[in-house]
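The values are calculated or read from the model by the stated rules, or taken from the named source; none is laboratory data. All of these numbers come straight from a predicted model, not from anything done at the bench. Counting neighbours? That spans all protein chains shown, and the Cβs are built from the backbone with ideal geometry, glycine included.
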Amino acid sequence: MSTVRTFRAKVKDELEWGYPGALVAVRQFSESSQTTGISSDGVEDYEYTDPSIEAIAYRANYWPSVQAQVDGLKSRPLIDIDNQEDPDLFIVDLLHAQSIQVINGALSPVDKMFRLIELDVTRRFA
Amino acid sequence: MGNFNVGNWFESRANLNIKSFTVEGIDFELMALTEDLIDDIQLCDTYADMIDKAADFGLSYNRKRVYDDVELAKDINMLWEMPEVNVAELSPTVKAQVGSEVCEISGLTELIEDVLEKERAEDDRAAEARAHLSGDDLGDTSITLGQLESDATTYTTAA
């Protein structure tokens, strides 16, 4: 069983109630990236560039607190009240300065993606 | 330009509810907010901001709004910082009491009380959530993706 990625963040429900110590769990994600292979006379194989992240979408649930999860309460989906078509789908702003910093950082591709999602949640509900 | 209507002008002046207001021994002349200024108040995010702006906007002298005088408006902040006005141990502050009075004569009392009530309720819920926390350890080992999907599927939005 793989470990569900979780983090702590302030979130708000659809009634704008804030939960400053919420436990957020990423439910689904979709990431697209581009990898480029370059041939060179100096090397036998293609030289691969680091994947360039093009888009990240995700859905996430939250518990109002860690204790609420421990107590066995149900989680709730994060809702974007401005998104009428798909209210629990979020798109990471990859052009944000925080995102650019993470993308250019040293984390592994998977860790980068989850870090970008975490920062996106934090910004949205700050 | 349309004809100037003196009756309408006096009516708008009457709506300003210009009044004397004394707080902590300090005499103020206050006037109600115009529609445009009320719109500004309604754009504020917090009760404190609303009261703060109302105090700035509602000051008057010789039946003229201080905020409308470009030069005098620069001195409004200075007024609130004067030792006679900015009494540290006073709660609510003189400025807050003035802002509250301006809101009252402008018919905004219900609006700002609603905002205050909502803020207090949010604070209560935040305190409750904080009290519910048992440290920073993430108790996530028992979470499964199936559970998250099930919770999301069965959830009914509140609004």
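Couple of notes before you dig in:
- With respect to (1) in contact (Cβ under 8 Å) with a residue 24 or more places away in the chain; (2) over 15 Å from the mean Cα position of the chain (by Cα), the lone exception for residue A:52 is condition (1).
- Count of the stretch A:57-67 residues which are aromatic (Phe, Trp, Tyr) and either closer than 14 Å to residue B:147 by Cα or part of a loop (DSSP other than H, G, I, E, B) (or both): 2
- Sub-8 Å Cβ pairs linking a first residue in the stretch A:9-26 that is within 7 Å of another protein chain (Cβ to nearest Cβ) to a second residue that is among the aliphatic types (A, V, I, L, M) and assigned to a strand (DSSP E or B), at least 6 apart or interchain, are A:18/A:11; A:19/A:11; A:25/A:60, ordered by first then second residue.
- Top-ranked residue in the stretch A:94-126 [being among the basic types (Lys, Arg) and at pLDDT 90 or above; ranked as nearest to residue A:52 (Cα to Cα)]: A:115
- Count of the stretch A:75-101 residues which are farther than 12 Å from residue A:58 by Cβ, touching a helix residue (DSSP H, G or I) at 6+ places or on another chain (Cβ under 8 Å) and touching a residue at least 60 places away in the same chain (Cβ under 8 Å): 1
- Residue A:114, sole failed condition from (1) without any contact (Cβ under 8 Å) to a residue 60 or more places away in the chain; (2) within 15 Å of residue A:33 (Cα to Cα): (1)
- Residue count for the stretch B:13-48, restricted to those that are surrounded by 11 or more Cβ atoms within 10 Å (Cβ to Cβ) and assigned to a helix (DSSP H, G or I): 8
- Checking residue B:56 against (1) closer than 26 Å to residue B:122 by Cβ; (2) outside any helix (DSSP H, G or I), the condition it does not meet: (2)
- Residue in the stretch A:105-116 that is under 11 Å from the mean Cα position of the chain (by Cα), within 19 Å of residue A:12 (Cβ to Cβ) and surrounded by fewer than 22 Cβ atoms within 10 Å (Cβ to Cβ) present: no
- Every residue from the stretch A:68-93 that is at pLDDT 90 or above, of a type in the set (A, V, I, L, M) and touching a Leu at 6+ places or on another chain (Cβ under 9 Å): A:92
- A count restricted to the stretch A:68-126 and to residues that are outside any loop (DSSP other than H, G, I, E, B), polar (S, T, N, Q) and out of contact with any Gly (no Cβ under 8 Å at 6 or more places or on another chain) stands at 4.
- Residue in the stretch B:145-158 that is under 21 Å from residue A:16 (Cβ atoms) and modelled with pLDDT under 75 present: yes
- Looking only at the stretch A:37-84, and only at residues there that are of a type in the set (Asp, Glu) and within 14 Å of chain B (Cβ to nearest Cβ), the one that is farthest from residue A:104 (Cα to Cα): A:71
- Of all residues in the stretch B:49-75, those satisfying the criterion of being aliphatic (A, V, I, L, M) and either surrounded by 15 or more Cβ atoms within 10 Å (Cβ to Cβ) or modelled with pLDDT of 95 or more (or both) are B:50, B:51, B:54, B:55, B:59, B:66, B:72, B:73.
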